[in-house]
Every structure is written in C-alpha cells, then in structure tokens.
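Here the structure comes first, spelled out in structure tokens, and everything after it is commentary.
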Amino acid sequence: MAADGVTDVTDGVSAADGVTDVTDGVSVVRMEIGNSISPTPQEKGDNRGLVIGKKSSPPVKVKPTTYLGDKFRIRLIPSCQILYYCQQRESIEVQPMMGIVEDATEDLIFTRYECETIAKSYKVAPEMRLQGRQATVNNYKTLAKQVQILHSSHHAKSNPMKPLESVLRLGDGVLTLGQLLSPGWRMPNLLDVFACCCEVNFNFNEITDDLLSLATGFLCAGARNVVSTQWSVDDLASALLAIFYYHFRRAGMSRSQALQESQFKLRNLTGEEFVRDYQGEMAEHLQYQYDMAISACDEAKLSGDEEEFEKWQDLGDKIQLRLRDLKSFGEKDLPFIHPFYWGGFVSHGLA
C-alpha cells in the first residue's frame, strides 16, 4: 500500500521479474510480460487485448518465480495518520520484555513447540506466559500492558461484513476489534506484536485506507509494529517462521528485514534440513501432547463429561495426523516452497 511520505511501503504480496523501484512516496512497479503474452497488433487504443499461450507460439523459457518480497522489504500501513501516530510515540529505553499468549483454546498442535522455543530464546519468565485456559481476556489485557513484545499465538477470526466484531479467541471468550480500539485497551509501552493467528489482517476492503483489521487495532492501541496474517495459516509452518523471525530480530535486523529473511529461509528449507534440525524435537512435543490428550480423554470419560471427552479425543486424532505430516514434509525437497506456507505474514507499522 503506497502513501505519501512512506518510502518502503508497497502494495501486494508477489509480482513478476522487472520491479523497477520504490520511490519516496509512491510504489512504482513494472511487470515484464514474456513472449507468450503480447498485445494484439490491431488494438493500439484504450482497448488492448492479450493473446495468451497461442499454440503457434514458439516455446518460451519460464523464469523461476520471483516475488516482490525478494526485491524489497515490505511494510503495510493502514493509513498515513496511523503511521504518524506510530512515529510520534515515545521511544522505550528499557530492555524489552516479552510476554507470550499460547493456545488459548488448547487445540493447536505446534503452538506449544513454537512458544517453548521462543520462551527459551528470550528467557521469558513463567508468569509472563499465558498457556491454555490461563489466557483469559483480563489476563491478556494485564500482560499486554506489562510487556514491550507480545507474541500472541492462538485462534483469531475476521468478520469482513462486521469488522468491529473480528475476534481473538481466548480462554474464556473473545477479544473483539471494537474492544481493542476502546480507551481501556491503551498500551503505550508496547513495541511489537507478533499475532501468529489466522486472519488477523484478513478483510475484503477495496478502499485505499484499510483501517478495520485486528492488526490496525493493535497499532491504534499502542504497538509500533504488528506482524500478522492474511489467511488461515498452517500451524507447523507458522511455528517455524515465528522462530526464524525472532532469531533474526535478536541478530539485529529490523522488523521488516527479519520477516523477509524468515520467509526466505522457510521457503528454501529443504526436507533434509527439516529432518535434521526440527523433525525430531517436534515429534517429541507432539507425542507428549498426544499422551496428555489421551489422559484427559480418559478422565473426561470417567467423569461423564461428554463435551470434554470429544474435545480431547478430537485433539488426539489431529495430533496423529500431524505426526504423519512431519514424516511427509521430511520426504519433500522443499516442503514449504509454496506461498501458502509463508506468504500470509505481513509487517505493519514502523520498520
């Protein structure tokens, strides 16, 4: 999304080779079209036609897919006014402290692995982690006002028809965008939010100022930057991308650069590297979760709690499926090459 005064903000996720430049204030994109796509010679005016893939056309070499993010670090800004607010906020001089909200509904498979890894890296104290049903709306609010970095990994749901009713799903209910925009949710000390949740920036808005999303809500509440998602992201891939992102941030990269590098690393991760560096530890985490789910399932059966029994039985079935996925990912050359796994994450706000 390009806007006056924004130097490195571009609109879109991917583009073909030939991006020329991003000027100060405006995104300039040129997409070069191959020989198999050309204007029809008889149409030179406003009505231009394209002939695509004629059988008589000679074979054309297809270049490897190049994405806009390969050439530029991309940020999205809901509006210039919100960017101005982010820029005017006071700098935080203290050592940033992280808080983690994880798997509030206790049904995400790889979130515990993701958050445990990040917590070890940032030395997050146990009281700064809201796990499972601890992640109530009030506890979330308290934690968000205490920390400078908030890693929020749980379910979310956008409501394109009623954006203010878009929600983060927490342990005892939901946090709506309408609540997040209210004065009671001001968080002046919050620097960064990584919303590793589905659809945090998803909407159908076609106007220039794309204001009403959960990501925008965090920026208005006080955050300087929000990493969020545009579609229902894969749990396993999201866990890896989040771990990569924080690794690059600790190495000194800016937010937009860290996201760019983590997306590049994930999509180029080979099956062999996945098996060597991640598969075994992930499998151990999943086996532990499976054992816990079966134990909870047995307890619910004995107590006659049918709802809890079905919940834990369903989770056990999902874990078994994901254990098989772990094996299949390791057998592929580039298991996360498709943009579905990494392209949904975007950076909002300051660089």
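Values in this text are rule-based calculations from the coordinates and carry no lab data. Worth saying up front: this structure is predicted, and the values here are computed from it rather than measured. Positions of Cβ are generated from backbone atoms using ideal geometry, with glycine treated the same way; all protein chains shown enter the neighbour counts.
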Pick out, from LEU334, LEU302, GLN320, the residue whose Cα sits farthest towards the positive end of the charge dipole of the range 271-335, with +1 on the Cβ of Lys and Arg and -1 on the Cβ of Asp and Glu.
LEU334
Rounded to two decimals, the Debye log10 I(q)/I(0) of the range 308-351 (Cα scatterers, no solvent) at q = 0.14, 0.17, 0.24, 0.26 Å⁻¹ is -0.59, -0.72, -0.85, -0.90
Within a 10 angstrom radius of the beta carbon, how do HIS348, HIS151 rank from fewest other beta carbons to most?
HIS151, HIS348
Under a Cβ-only charge scheme (Lys and Arg +1, Asp and Glu -1), can you give me the dipole magnitude of the range 271-335 about the Cα centre, in debye to the nearest 20?
240
Could you list HIS154, HIS247, HIS338 so that the one with the fewest beta carbons within 10 Å of its beta carbon is first and the one with the most is last?
HIS338, HIS247, HIS154
Arrange the following residues from fewest to most other Cβ atoms within 10 Å of their Cβ: TRP342, TRP231, TRP185.
TRP231, TRP185, TRP342
Cα-based Rg/(2.2 N^0.38 Å) for the range 271-335, rounded to two decimals, is 1.37
